[in-house]
1. Of all the residues that make up the range B:248-265, how many are in contact with a Ser or Thr (Cβ under 6 Å, 6 or more places away or on another chain) and within 24 Å of B:THR189 (Cβ to Cβ)?
2. Give the number of residues within the range B:121-150 that are among the charged types (D, E, K, R) and within 14 Å of another protein chain (Cβ to nearest Cβ).
3. In the range B:12-54, which residues are among the aliphatic types (A, V, I, L, M) and closer than 30 Å to A:VAL62 by Cα?
4. What's the number of the condition B:ARG198 fails, among (1) crowded, with 19+ Cβ neighbours inside 10 Å; (2) over 28 Å from B:ALA127 (Cβ atoms)?
5. Just one of the numbered conditions (1) assigned by TED's automatic domain parsing to the domain that holds A:LEU100; (2) buried (at least 20 other Cβ atoms within 10 Å of the Cβ); (3) more than 24 Å from A:GLU169 (Cβ to Cβ) is not true of A:PRO314; which one?
6. Given B:VAL252, B:VAL269, B:VAL238, which one is closer than 18 Å to B:ILE171 by Cα, assigned to a strand (DSSP E or B) and not aromatic (Phe, Trp, Tyr)?
7. Filter the range B:216-250 down to residues that are hydrophobic (A, V, I, L, M, F, W, C) and farther than 25 Å from B:GLN290 by Cα and give me whichever is surrounded by the fewest Cβ atoms within 10 Å (Cβ to Cβ).
8. Please enumerate the residues belonging to the range B:96-134 that are of a type in the set (S, T, N, Q) and under 20 Å from B:PRO314 (Cα atoms).
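The values are calculated or read from the model by the stated rules, or taken from the named source; none is laboratory data. Computed from a predicted structure; not experimentally measured. Backbone-built Cβ (ideal geometry, glycine too); neighbour counts: all protein chains shown.
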Number of protein chains: 2
Amino acid sequence: MRARTLEELANLTGVSRSTVSRVINGGPVSEATRSRVMEVLAHVRYRPNLAARRLASGRSGVVGLVMHVPAANLFTDSYFSLLLEGITETLASEATGVMLWLSHRTKEETLDQVLSSSFIDGVIATATMLDDPLVDGLLASDLPAVLIGHRRHDLSASYVDIDNEAASEVIVEHLLSLGARRIGHITGTRNTVSAEDRIAGYERALERAGNPHRLMADGDYTEEAGYEAAFTLLDRGVDAIFAASDRSAVGVYRAIEARELRIPEDVMVTGFDDLAFAATLDPPLTTVRQNIRSQGEAAARALLGLLHQDGTGPRRVLLPTELVVRRSTSGGVAHNT
Amino acid sequence: MRARTLEELANLTGVSRSTVSRVINGGPVSEATRSRVMEVLAHVRYRPNLAARRLASGRSGVVGLVMHVPAANLFTDSYFSLLLEGITETLASEATGVMLWLSHRTKEETLDQVLSSSFIDGVIATATMLDDPLVDGLLASDLPAVLIGHRRHDLSASYVDIDNEAASEVIVEHLLSLGARRIGHITGTRNTVSAEDRIAGYERALERAGNPHRLMADGDYTEEAGYEAAFTLLDRGVDAIFAASDRSAVGVYRAIEARELRIPEDVMVTGFDDLAFAATLDPPLTTVRQNIRSQGEAAARALLGLLHQDGTGPRRVLLPTELVVRRSTSGGVAHNT
DNA sequence: TTGTACGCGTTATCAT
DNA sequence: ATGATAACGCGTACAA
């Protein structure tokens, strides 16, 4: 026995369509009729038509998730899968569906698809680049949106991020406290918010310490770029290298080994992320721990908050990071930001 | 200037709502009015409301994609990302949207979400297990569905797959032709269609050759299981090992090295999949090439076919595989199935 | 060729 | 507390 529509359900129970709708949505119904309808609902397999619900009420209980990455990266880069886990887990616990858009073709096309779909109540989008037409378009639309990643200039956007600049400062201060004086920085992908903010933190820490040496080489978060950039920095004479990601720190390790130098005796090294392998490198890598899964959870919760009680302003969440000191800088304690 | 509904568009152009709808959907309209409406359409940013369209016509232009994979496999397995690429690329080229469900919680919950969503015109689902309530539920629903993976017993389902049994036979025949007599097989995950079919092919080839030795050890497609199973087979005395996946073949390589045996002189080894690394192993691995991306493309095309011209029966696609002979079996030529 | 009118399944407003 | 009834935006018979 199955009922496809409220109308059928109404015939089955002997009450009107509206009453059945009230029972399902928790409206004011007498206890007697409520239990009678519930009785029938337990026996038939009724699934409300979300398209109709969306059309009538403007709500569907489904949110969009836009991660403009090639499908390959979704699976190889643990960043996206961890985000995905945190987001979907949190949304599922609130009985909220997820519609996922990956990079099909251009960002404009993706934007168009998302805005056209008309069944989502809100959207979560990854925002890594400083300028991103996809993100701009989402923010310009009237769709409630939460970004993962900061948009520094835009004060009206809701977002979840870590304080890259502060975390970066803590790293550099840690190196300074251990006696490093010529600290090199291998940047992340330029024009991403995270890379630029980490650079800013690096510079601010040095400035505050009155240290004149700005020793930077551009990277792109990959191991290979870290390897290349490390040689540049080593040639300029550094006693410490702060790599913008753990993966690029691995490249630094290889470069230092190639030069037959020792970590940390000749050159101290730090990463950023605290991915699983960081603790098992030789020597174990000092780095900044950011909990990516929590960022996904926080983004989901922020969007749910935005949807449930609209009228409040944008939601901004800065999640804490933690300096994890290991042997690559020969230390032992941990600091929080 | 923007128009949110057909009604607004109608006011803007001076024709009726239905005429605008006809222009958009390619109905019978005079060339004069068509161009007039198109003129306006070019200036305003109109996005049809898919929820309303779906409700009115039963079609939304969005299909669902269900890949119920544990999050862990998401990272390690390029299988899913390759499928995803093929599917989304093909659908995008037909202006069809994709709604993606990954493994959130139980299969029953996922099934419920998919069937409840009411937005999608059809669904593509990965079907690896012999018994899968999610797949059963999808097939039992009236939603047009295409499976990736075979359902041997179910003749009414549409699917895309490779002929695992035939490919497996070709591998074993190849080993036999090179003089192997005690051929071991490390299975894939039991109760998956692919694993059971590859076992069937292994057994059929041996039977046909009148070879009495059935030497099998259970694996689960992973390198680690391959490593363990290889020792079992080596202890039973084999001169060739057919691993059900390239990854498990890597485990076999390690086990053979641990026993200080040589490939292929002491033991020949084959894999299955022809992942990128297979050619760079030492020695390069003989294996079966299956084009996973094409499977995704074929599934998307099959579903589109199902949607556009309903009335025809189920679509069944068996994609070709190719035996790639490399030095792990000391050969040189290639065979097709 | 074009416009009118109805229906898709639901929620929300209004009487009762 | 309950039941008509009007939207929501669109597609599409049907009539003109």
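1. Quick first cut of the range B:248-265, residues in contact with a Ser or Thr (Cβ under 6 Å, 6 or more places away or on another chain) only: B:263-264.
Next, from what is left, pick out any that are within 24 Å of B:THR189 (Cβ to Cβ): none.
Number satisfying all stated conditions: 0.
2. Of the range B:121-150, the ones among the charged types (D, E, K, R) are B:121, B:131-132, B:136, B:142.
Still in the running and within 14 Å of another protein chain (Cβ to nearest Cβ): B:121, B:142.
Going through the range B:121-150 one residue at a time, the tally reaches 2.
3. Initially, the range B:12-54 is screened for residues among the aliphatic types (A, V, I, L, M), giving B:12, B:15, B:20, B:23-24, B:29, B:32, B:37-38, B:40-42, B:44, B:50-52.
Those that are among the aliphatic types (A, V, I, L, M) and closer than 30 Å to A:VAL62 by Cα: B:VAL20, B:ILE24, B:LEU41, B:VAL44, B:LEU50, B:ALA51, B:ALA52.
4. (2)
5. (2)
6. Numbers: B:VAL252 fails: assigned to a strand (DSSP E or B); B:VAL238 fails: assigned to a strand (DSSP E or B).
Selected residue: B:VAL269, the only one of B:VAL252, B:VAL269, B:VAL238 that is closer than 18 Å to B:ILE171 by Cα, assigned to a strand (DSSP E or B) and not aromatic (Phe, Trp, Tyr).
7. Quick first cut of the range B:216-250, residues hydrophobic (A, V, I, L, M, F, W, C) only: B:216-217, B:225, B:229-231, B:233-234, B:238, B:240-244, B:249-250.
Still in the list and also farther than 25 Å from B:GLN290 by Cα: B:231, B:233-234, B:238.
Working: B:PHE231: 16, B:LEU233: 24, B:LEU234: 20, B:VAL238: 23.
The selected residue is B:PHE231.
8. Within the range B:96-134, the subset of a type in the set (S, T, N, Q) is B:96, B:103, B:106, B:110, B:113, B:116-118, B:126, B:128.
Those that are of a type in the set (S, T, N, Q) and under 20 Å from B:PRO314 (Cα atoms): B:THR126, B:THR128.
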